[in-house]
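These notes concern the structure reproduced below.
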Amino acid sequence: MNLVLLGAPGAGKGTQAKIIMEKYGIPQISTGDMLREAVTKGTELGKKAREYMNQGKLVPDEIVVEIVRERLSQKDCEKGFILDGFPRTIAQAEALDRILEKMGKKINAVINVNVPEEEVIKRIVYRRTCKKCGAIYHLLYNPPKKESTCDKCGGELYQREDDREETVKERFRVYRKNTEPLIDYYKKRRIFFDVDGTKDVEGVKREVLNILEKIKR
Ligand code: AP5
Ligand code: MG
């Protein structure tokens, strides 16, 4: 299954991607996670991406498209993949179409995790992420047993640099301008599914898994 997860910043894409990954054994490809890793390691890519990310702006299309092209060519994507946070612009979506066409593949479903802005801000402000394994927590909705330690691997939990309030506002502005138009782009192709992202993690999971069971048939 080749999937795309769409949704505003903080909507729950990463949370659901990890659930799908565990259930179906297909990799989560989060451009945000890959870029953050490059920033932490201080690679050339990370140096280029850092400023954009900290300002809540999009990293240029050419850069992100190359990361995804390379990632999709790896062996673990043969059985399928979950794109989380990519594409984010029409140009990226068109580039993805070209990449997949060359590989003789197509997208089976685009799932939009739909959550209103006020709710999403609460999710972002209280989010904590594990430095070591990337597990995602929420201090109120999905709290770790110890405030700054990962339940799964014992790694240290941190707050993302772009989760400050001003940056979050800019991420939203960018989302509405550049990413929301992708909803119509995919609706036209009839591979688009909306899920009610305001439910709790279990509730959203159930809707997502229902869709996946339907498209598998
Ligand atoms: P990215 O890392 O993709 O950030 P984002 O799109 O803003 O999305 P988030 O990761 O913030 O949210 P999410 O939807 O994954 O939510 P999560 O599951 O964590 O991108 C960061 C930056 O990288 C961009 O700004 C850009 O600069 C750059 N970038 C990345 N991709 C790019 C691209 N393609 N092109 C150009 N630039 C790119 O959940 C959020 C919180 O809510 C957590 O605390 C979680 O525990 C909680 N939660 C989740 N689900 C629920 C629920 N159902 N109920 C209650 N709480 C919930
Ligand atoms: Mg994410």
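Just a few scattered comments:
- Among residues of the range 31-49 that are open to solvent by less than 50 Å² (accessible area, probe 1.4 Å) and among the small types (G, A, S), those with a beta-carbon under 6 Å from a residue that is outside any helix (DSSP H, G or I) and within 13 Å of ligand 1 (Cβ to nearest atom) at least six positions away or on a different chain give the pairs G32/G85; A49/V59.
- The range 13-30, residues that are closer than 26 Å to E118 by Cβ, out of contact with any Lys or Arg (no Cβ under 7 Å at 6 or more places or on another chain) and surrounded by 19 or more Cβ atoms within 10 Å (Cβ to Cβ): K13, G14, T15, A17, S30
- The requirement of being among the charged types (D, E, K, R), open to solvent by 80 Å² or more (accessible area, probe 1.4 Å) and away from ligand 1 (no atom under 14 Å from the Cβ) is fulfilled nowhere in the range 80-97; no residue meets it.
The values are calculated or read from the model by the stated rules, or taken from the named source; none is laboratory data. Just so you know, these numbers come straight off a predicted model, no measurement behind them. Glycine also receives a Cβ, built like all others from the backbone with ideal geometry; neighbour counts cover every protein chain displayed. What goes into the accessible areas is simple: the full protein's heavy atoms, side chains included, and nothing from ligands, DNA or RNA. Shrake-Rupley method; radii C 1.70, N 1.55, O 1.52, S 1.80 Å.
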